[in-house]
Each structure stands twice: as structure tokens, then as C-alpha cells.
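Coordinate-derived values only; no laboratory data. Because the structure is predicted, anything quoted here is derived from the model rather than measured. Heads up, the Cβs are rebuilt from the backbone with ideal geometry, glycines too, and the neighbour counts pull from every protein chain shown.
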Amino acid sequence: MQSNILPIDYEYSAVKKAIDKMLSTYNFLRCKPIGRSCAGREIFCLQIGESDEYVLYAAAFHGSEHITTNIALRFVEEVCEALLTGGEIAGIDARRALYGRGILVVPLVNPDGCEISIKGEIGAGYMAPKIKRLCGGKFQKWNANLRGVDINHNFDAGWNELRALEKAEGIYGPSPTRFGGYSPESEPETRALTELCRRVKMRHVIALHTQGEVIYWSYGDKQPARSAKMAEIMAAESGYALEVPTGLASMGGFKDWFISEHRKPGFTIEIGKGENPLPISALPKLYDSVREALILASIM
Ligand SMILES: [Zn+2]
């Protein structure tokens, strides 16, 4: 799908502009801040439709994976456009498919980390000297938030065990990647999501990351039986592989926490293949690879 709204440039100010433009184009689309990052940037949550329970999509947990913000916004635009024009999504009339359903999208969970990866030293603000030291000048690769905490290691799911694994890897404190913080949910970006999920009933959640072309759907044996079936459908639509995470990737993440606290399906989709950050030129192909899976997830 060709976007009418989204810039190819997606630093924080451009993301805000794109959201504003969508809000003025689609008057049924809503947007609320659900928290603020360490640097005070708003974390936005977009809402399409109203329901007793929502499907939540969240993107850009990791700085170097900022392309997932654009994928999430493209998804919002496609759904909104279909609703506005009476078009189809996943081969079904969008208005009928989404009748009585609700979609929430948090396109940029870690705005500070993404700003650091996109803009380097300038994006790091007053933390620039420390961040430069931690990442050896490789700002592009930065995954953590402004304080050097990896948001996807900061959720309260096997956190102590994960902390021990991090230490075994030599990660004791703030780091460009994989430091889970000094306590679970210590970071405002993490709490923005956990508080949202405690306040609003979710049917299932989807976390967007890059890269690997895989879908993670389990957390030990805590997920409900329907998780496997749903993951199979998304894998069939995208051609991505289903995998069970191991080691440092197997705990502390958003989907892990959601599955264990809510006992409902949670998924991580690792979009595309290559080295993070994936080039913006890959965006149309990346979006195409997951669009059907994302759309189906909204009506499953
Ligand atoms: Zn990631």
C-alpha cells in the first residue's frame, strides 16, 4: 500500500506530525498519551474503534528497530483508510470485520532510544557523553532507553533469572542493549505499557521488533492453548518461522509479561532480515511481509 501520509523520515517530530495528519484525516481515530519517556517525550497510543477488549500492537521497544514505528503507523493508516472508504482488509469488508472491535497501537514505546539511534549524539541530549562512552560512538546500534535500560528486559517476567543471565554475559549496568535495569518496571516506558494493560482489557498483544523473520508466541507453558493456533495463522500469512526463544531472549519481554500476568496470547514478531537498523528503503517490503498477519491479528 502506498502511504499518503507517512514521511520516510521518522524521527520523533516526524512521527508526531504523521500522527497529527492521520488524526485530521480520520476523524474516528483517537490518540492519547500513555506516559512519558525518561527525556519527557510523550508515548502515544492510537485507538481505532471501541470494544470491551482490545488488540494491542506495540512497536519500537529497541532504538535500532525504529523502522517498526513506521510499520505500525502504516498499519494504522491502512485500517483507517479501509474504514473511511468502505474498503476491504484481509479480503473482508473492513467496517464489518471491525464492527464492535477495538485496536490500540503504541507505535513508539522507546522514543528516546530511537532518537539516539536515528540522530546520534544530538538525539541523546544531555546524556550524550555517557551514551557515547557506553556505545563507543556507535549510536545507530543503541537499543536501550536514555538511561541505558533495555525496555524489553525490564518487564516483570522471570526478571531475576534474566538478571543473572545478563551478569553471566558481563552486563552489570547501563548498556546499549540487554541491561534489564535495577528492578522490574523501573522505567517509565515499561510502565506506560503495563499500566495501559492493567487499565484496559486486552484480548491479545503483538510486539513488533526487527529482525529475523520469526514469530515468538510462548512463555514457558503459561500461554493459553489458542496462542499456538493464532501463531500458526500469522506464520502462514507472513512466511515467518515459529520459534521458542532461548537464553537472554526468553524472559523479561513485554509479551512474556503479558502472557504470565494476563494468561492471554502475546506475540513478538521479528520483522525482516539483515542487520539493525534495517534500511528505510526496505520499508515497503517489510510492511508487505507482515500486513496480512497484522490485519488478521486484529480480528482473531
Ligand atoms: Zn527488539
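Details
- Among the residues making up the range 220-252, those that are assigned to a loop (DSSP other than H, G, I, E, B) and more than 16 Å from the ligand (Cβ to nearest atom) are G220, D221, K222, Q223, P224, A225, G239, V244.
- Members of the range 180-215 that are in a loop (DSSP other than H, G, I, E, B) and over 13 Å from the mean Cα position of the chain (by Cα): G180, G181, Y182, S183, P184, E185, S186, E187, V200, K201, G212, E213
- Members of the range 21-64 found to be away from the ligand (no atom under 16 Å from the Cβ), on the phi > 0 side of the Ramachandran plot and within 16 Å of the chain's Cα centre (by Cα), listed by number: G35
- Test result for S281, touching a helix residue (DSSP H, G or I) at 6+ places or on another chain (Cβ under 7 Å), among the hydroxyl-bearing types (S, T, Y) and away from the ligand (no atom under 16 Å from the Cβ): no
- Residues of the range 122-179 that are in contact (Cβ under 8 Å) with a residue 60 or more places away in the chain, away from the ligand (no atom under 16 Å from the Cβ) and part of a loop (DSSP other than H, G, I, E, B): L146, R147, D156, G158, E169.
- Sub-7 Å Cβ pairs linking a first residue in the range 16-28 that is free of Cβ contacts under 8 Å to residues at least 24 places away in the same chain to a second residue that is β-branched (V, I, T), at least 6 apart or interchain, are K21/I5, ordered by first then second residue.
- Filter result for the condition that a residue is touching an Asp or Glu at 6+ places or on another chain (Cβ under 8 Å) and of a type in the set (V, I, T), over I34, I48, I71, I92: I34
- Taking the range 58-107 as the range and being closer than 30 Å to N143 by Cβ and either touching a His at 6+ places or on another chain (Cβ under 6 Å) or aromatic (F, W, Y) (or both) as the test, the residues that pass are A60, F61, E65, F75.
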